[in-house]
Amino acid sequence: MAGRALLLRAEPGFSLPAFERFAPPPPPALVTARLEASSQPGEIVLDLFGRGGWVARAAIDMQRKGISLETTPLDRLLAEIVLRPPDLRHLDAAVQALGASARRESSLKASIADRFASRCATCDRPVVIDDLTWTAETKDDAGTTRQAEPIRKHYRCAVCRDQLGGGEQRQAPLDAQDVARARDPEGLELRGALAARFPILEGGDDLPRELLDLHTPRQLSAFGAILERIEDDLRAAPIEAALRLALLHALAPASRLATSPGRLAPIRIANGHVKVPGAAQWRERNPWVAFEDGVRIVRGFVQRLESGAWGPVPARLGDDLRSLVEGSSSAVIKSSSPATIGALELEAEHLARGGARPRIRLVLGMPPLRPVADRLAWAYHGTAWVLGRDAAASLPLEPLFGPVVRPTWGWQAAAITRTLRGVEQVLAKDARIVFLLEGDGTETLVATVLGGITAGYRLAAARLPEAGRERGGIVELVPPGSGAIPGGPRTRANVVLDPLPGGAGDPDLMPAERLFAPAGRVVNAPFSAQEASRAVLDAAVDVLKLRGEPVTETGLVGEILVGLDRAGHLRRLVRPPAADGDGDAGEASPSSPLVTTEPVDHVDRLVALIRGALDDADGRRLVKVGDDRWWLGDRVDRDAAAAPLADRVEWAVYSLLSTAGPMSEAQFLERIANLFTGPDLPDEALVRACLESYRSMASTPDRLLTADDVVKRSQEHGERIADLVDLGHRLGYACWIGRRQQSRRLSGVPLADRLDDRERSGPPSFGRIRSEELEDVDVIWYVRGRAAYLWEVEWTAMLGEPVLRRHARMALDDRVVRFLVVLPERGELVRHKLDRSPLLRDALEAGSWHLLKASHLREWARRDEPTIADLEPLLGLDPAVERTGDQMALFG
């Protein structure tokens, strides 16, 4: 099941627009698969860096319980809705009540509409402006500032639509009253109260004012009034959260960030100042219209949430761990902070004294998001507006009030280290910590791994997302003292001479140091870049041998990290220098790791070490093929490599479809994932390409079938060989049939009977190609000593054996041309394999290979007077004969 999670489509889950860019949710299919694989109903699942309670919701839907430690206050606000969606009828009633609440001499909605009142430029009837276009403030060459000017209004007039036709939305220049209302300073009195919602650091006194200047005074007045009603009126928590999120979605579209309809510039803050977008125009949106748009967004989100992939079960929120263990609560939402984690540990200790041991067996979620400038500016602005000063003060504000500095990957590793150390005591010994990675490249994988290693955890699996995908990567850790670690390539660097208590061995010891260590004393080896580089190379070579095909750096790095952890290099890398000395600092028990520092600067160092080790081996034990893939450079290693993974996956797909009976697509993926695990886990694109090639037209997602049959394909294979032999004889060539094929019978007669006595004596030699090397070629046409056409006939797309092994052993000769006959229904799978394997592409080119579809071979063989010249337009996966016009000329 763990492998199946990586074969499932890693589609991102839906979220609210404000969160999609800065805090996207984890893929629901991967979350569900991991929950099913690593936890049981009734158990507690912990999300350390929540992004809106998504993992907890999925856990509840699968009869688990969830603890979601939310990364930011906005994530905490989103989790309230995700875990307890509001009743839409109650939400609608709350919005109506808010709009009808008293303000001045009328209602809130009406008072806002009065500030945006206007008249239709066509029929002169009263209308309410939806948007007002402003020119941006500019400076001329002399330094004179030209103030922003309102220039056009956008409104709806149903009367003009009905009488004159066209759309309801209309626009026109402003009249004098429109300009007067647009410049009315009323609302400036609220600036002080609104500015107080923004916490500041020294030197940032102007930041709240600049953020409020993104809105006009009348917008500030309206938003302040809406916010006051949301905070002062008593409502159910889900309803209040929905209203706050609706306001969040109204702010940016109603600000100077809205440079055009539907287009928002990101908010940028540096050195305590706002960087206003440089667009020539911006739109002032009616705050109530923007708020209603936000309500529609939240309402639609709730509707999708209740019918989507995350499950429809609402949570029963509790306050602490005890409410999950002893009460009826199904979820707990808290902020992810050291205080929260400390409280969680104390709650577990209190429960343990009472006989209850709430050991958590699964930690599942995504790594913490680094506080990059855009994300932090968005969180600061939105949190201060909708939640207030105290909530915004919990964010890391320092980057906003200083120069823009991109956080290092060490920040992410350190955050993981601190959190994993804090929750260690609440984890079961057999727990699994699973981080689902986004497509941020090698650095995010290394940072996540080092964060766990520094906290004393061990690495069970690591994998980056597939090429071209943003989701699907994974890091799986196990807690300290959990015993043997599953998975990972077994390399020479992984050898441990004798196990220590707990069964895991001691990864901190080099074999020689273990041999010469004094009796009863554990000596810890310092980190050695040279030894680690050798371990990188050993792990890479072993992975390539296991897969039997070239692999990209991103495909290798996960297994390399597993190998480095097995050998203890990662723990040595992050160990504090004091631990490398003599005396007590160099002694430790296996159950108490020597890791006490945060990996602030180790991520870049380790990435550079891995890439340097691979580059240094280029041309020796490793070679680079294509633009981005590594392959074995040593002939001995290549001979020891397994058959290409692509071919093994293809045969497994066909075998399952032909022998396992009808199954659903989900069952099929699960079975494939059980067959290929660890370094052999195939990418989803390969599995689906194989499935598409072998599934029949009658297949559905719930019932997969295949029309391929071994007996039928074997018969067809014999027919194609017979066609080739007969065609070769008609063209005047001597022929040979491979030894393995000669006993095959066609209409009761062995294929060998199609050869004369001279031909049966064996194939000829060609230069450095010995005759025995040609004996297994399916069919050979030849003129002795002059030329030879070598034909391989395949009903599968498994090209590794004929192309990369059998023919790769033969010397190249200009007199020898090779042909590969494939079924038309395998054409797309062959194309996929060629696209993913530069080794296969290079071998086809170097060996003078030509592809021919079996259907075109049959047509050629049936012609009355075939010639060798007829072959050229038939060659290739997209031959000229299949193109309009060429086909008519050839067969007309």
Could you pull out every one of the helices (runs of 4 or more DSSP H) wholly within the range 655-755 that has 2 or more residues that are surrounded by fewer than 15 Cβ atoms within 10 Å (Cβ to Cβ), at negative phi and among the hydrophobic types (A, V, I, L, M, F, W, C)? 710-730
Would you pick out the residues in the range 228-271 that are small (G, A, S) and within 26 Å of R76 (Cβ to Cβ)? A236, A237, A241, A242, A246, A250, A252, A254, S255
With the first residue restricted to the range 249-272 and required to be closer than 23 Å to Y155 by Cα and assigned to a loop (DSSP other than H, G, I, E, B), and the second required to be open to solvent by less than 30 Å² (accessible area, probe 1.4 Å) and among the charged types (D, E, K, R), Cβ contacts under 8 Å at 6 or more apart or on different chains are P261/D131
Within the range 324-340, restricting to residues that are polar (S, T, N, Q) and not in a loop (DSSP other than H, G, I, E, B), the one that is least open to solvent (accessible area, probe 1.4 Å) is T340
Residue in the range 237-249 that is surrounded by the most Cβ atoms within 10 Å (Cβ to Cβ), counting only those that are within 30 Å of the chain's Cα centre (by Cα) and of a type in the set (G, A, S): A242
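For every residue, the table says whether it meets (1) within 17 Å of R836 (Cα to Cα); (2) acidic (D, E); (3) open to solvent by 40 Å² or more (accessible area, probe 1.4 Å).
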| site | (1), (2), (3) |
| --- | --- |
| A608 | no, no, yes |
| D616 | no, yes, yes |
| R620 | no, no, yes |
| G626 | yes, no, yes |
| R635 | no, no, yes |
| A640 | no, no, yes |
| V649 | yes, no, no |
Return the residue satisfying two criteria in turn: it lies in the range 10-20 and is part of a loop (DSSP other than H, G, I, E, B) and within 13 Å of L74 (Cβ to Cβ), and of such residues it is modelled with the lowest pLDDT. S15
Which is closer than 26 Å to A431 by Cα and assigned to a strand (DSSP E or B), of I67, I60? I67
May I ask you to say which residue of E292, E306 is modelled with pLDDT of 90 or more, assigned to a helix (DSSP H, G or I) and either more than 28 Å from L369 (Cβ to Cβ) or not aromatic (F, W, Y) (or both)? E292
The range 532-556, subset open to solvent by 20 Å² or more (accessible area, probe 1.4 Å) and either part of a loop (DSSP other than H, G, I, E, B) or polar (S, T, N, Q) (or both), residue farthest from D842 (Cα to Cα): S533
Of the residues that make up the range 765-781, is at least one within 24 Å of S855 (Cα to Cα) and either open to solvent by 40 Å² or more (accessible area, probe 1.4 Å) or in a helix (DSSP H, G or I) (or both)? yes
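Matching residues to (1) among the small types (G, A, S); (2) surrounded by fewer than 24 Cβ atoms within 10 Å (Cβ to Cβ):
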residue: S68; (1), (2): yes, no
residue: L83; (1), (2): no, no
residue: D87; (1), (2): no, yes
residue: A94; (1), (2): yes, yes
residue: G99; (1), (2): yes, yes
Would it be correct to say that L234 is open to solvent by less than 60 Å² (accessible area, probe 1.4 Å) and either touching a residue at least 60 places away in the same chain (Cβ under 8 Å) or not in a helix (DSSP H, G or I) (or both)? no
From (1) modelled with pLDDT of 90 or more; (2) closer than 30 Å to L561 by Cα, pick out the condition that doesn't hold for R703. (2)
Subset of the range 782-797, residues free of Cβ contacts under 8 Å to residues at least 60 places away in the same chain and either hydrophobic (A, V, I, L, M, F, W, C) or open to solvent by less than 10 Å² (accessible area, probe 1.4 Å) (or both), comes to Y782, V783, A787, A788, L790, E792
A246: part of a helix (DSSP H, G or I), within 29 Å of P86 (Cα to Cα), out of contact with any helix residue (DSSP H, G or I) (no Cβ under 6 Å at 6 or more places or on another chain) and among the small types (G, A, S), yes or no? no
Quick check on D582: is it of a type outside the set (K, R), at negative phi, exposed (fewer than 15 other Cβ atoms within 10 Å of the Cβ) and at pLDDT 90 or above? no
Tell me the residue from E210, E228 that is open to solvent by 30 Å² or more (accessible area, probe 1.4 Å), within 24 Å of W134 (Cα to Cα) and in a helix (DSSP H, G or I), please. E210
Those residues that are surrounded by fewer than 24 Cβ atoms within 10 Å (Cβ to Cβ) and under 20 Å from D319 (Cβ atoms), I need them from the range 45-63; list them, please. I60
For R361, are the conditions met, namely being touching a residue at least 60 places away in the same chain (Cβ under 8 Å), in contact with a Leu (Cβ under 7 Å, 6 or more places away or on another chain), open to solvent by 30 Å² or more (accessible area, probe 1.4 Å) and not in a loop (DSSP other than H, G, I, E, B)? no
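Matching residues to (1) part of a loop (DSSP other than H, G, I, E, B); (2) touching a Phe, Trp or Tyr at 6+ places or on another chain (Cβ under 6 Å); (3) open to solvent by 20 Å² or more (accessible area, probe 1.4 Å); (4) modelled with pLDDT under 90:
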residue: I297; (1), (2), (3), (4): no, no, yes, no
residue: V302; (1), (2), (3), (4): no, no, no, no
residue: G342; (1), (2), (3), (4): no, no, yes, yes
residue: A348; (1), (2), (3), (4): no, no, no, yes
Note on I226: of the conditions (1) at pLDDT below 90; (2) of a type in the set (V, I, T); (3) under 30 Å from R89 (Cβ atoms), unmet is (1)
Quick one: would you say P73 is under 30 Å from A384 (Cα atoms) and out of contact with any Gly (no Cβ under 8 Å at 6 or more places or on another chain)? yes
Among (1) in contact with a helix residue (DSSP H, G or I) (Cβ under 9 Å, 6 or more places away or on another chain); (2) assigned to a helix (DSSP H, G or I), there is one condition V636 misses while meeting the rest; what is its number? (1)
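The values are calculated or read from the model by the stated rules, or taken from the named source; none is laboratory data. As the structure is a prediction and not an experimental result, all values here were calculated from the model. For neighbour counting, all protein chains shown are included, and Cβ atoms are generated from backbone atoms with ideal geometry for every residue, glycine included. Heads up: the accessible areas ignore ligands, DNA and RNA and are worked out on the full protein's heavy atoms, side chains in. Shrake-Rupley method; radii C 1.70, N 1.55, O 1.52, S 1.80 Å.
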